[in-house]
Structure formats: structure tokens, C-alpha cells
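To start, the structure under review is shown below, and the notes come after it.
The values are calculated or read from the model by the stated rules, or taken from the named source; none is laboratory data. Source: prediction; values computed, not measured. Here the Cβ is made from the backbone with ideal geometry for all residues, glycine too, and neighbour counts use every protein chain on show. The area values use the complete protein model at the heavy-atom level, side chains included, leaving out ligands, DNA and RNA. Shrake-Rupley method; radii C 1.70, N 1.55, O 1.52, S 1.80 Å.
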Amino acid sequence: AGEEFKEFYSLFFSKPFGPSQRGRWNNITIYEDGGGWWNRFDVDWSFTDSLVGLAELNYYWGDENTTFGQFKDSSNVQVGLKYFFY
């Protein structure tokens, strides 16, 4: 049976780093009522005004009857580049 109301609690940290604060790391952890967890850690670095590199880790765990617990086999690492056209 579905629940009418579901509660989520989150904690978010973000901090620039490097010369001229060209990089930034972010971390968010979300707790789902019932025992599910999701942690996302990402880092980005501005090589130029137009080119940004990214790395990200998504980690899911918890009770398998929760939304995040069902995704535990979907935890992943992503790496990429973004280019901005002006």
C-alpha cells in the first residue's frame, strides 16, 4: 500500500576551491523516511569560461522497500565535460 505522505531530510554542503575559486565541490545527503539514503558528491572545475570538467558519484542504500533503497544497484560514477557557446 502506498503512503499518503513521505518525508525526506537533506544536508547540503558546497565549497569553492583552487586559484580564483575555479573549482567547486558539492555534497548532498538525503534521508528518506523509512530508511532509504542517497548521497551525491560532485566536483567541477572551470578550465576556461567556456569549458567545465565534471565528476560525480551517486550512491544509494537502505531498506529495499524505500525509493532510494530500490536504487542501490544503480549507484554510479559519471565524468564529463560541458562546453558553453556564447
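Some values worked out for this structure:
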quantity: Pair list, Cβ < 9 Å and 6+ apart or interchain, from the stretch 45-59 residues that are hydrophobic (A, V, I, L, M, F, W, C) to residues that are part of a loop (DSSP other than H, G, I, E, B); calculated: 45/18; 45/22; 47/22; 51/84; 52/84; 57/75
quantity: Residue list for the stretch 5-31, restricted to those being farther than 25 Å from residue 45 by Cα, within 20 Å of the chain's Cα centre (by Cα) and either among the hydroxyl-bearing types (Ser, Thr, Tyr) or open to solvent by less than 90 Å² (accessible area, probe 1.4 Å) (or both); calculated: 9, 31
quantity: Near pairs, Cβ below 8 angstrom, 6+ apart or cross-chain, from the stretch 72-84 (free of Cβ contacts under 8 Å to residues at least 24 places away in the same chain and within 15 Å of residue 60 (Cα to Cα)) to any residue that is surrounded by 10 or more Cβ atoms within 10 Å (Cβ to Cβ) and small (Gly, Ala, Ser); calculated: 72/62; 77/55
quantity: Sole residue being part of a loop (DSSP other than H, G, I, E, B), at pLDDT below 95 and surrounded by 12 or more Cβ atoms within 10 Å (Cβ to Cβ), chosen from 34, 2; calculated: 34
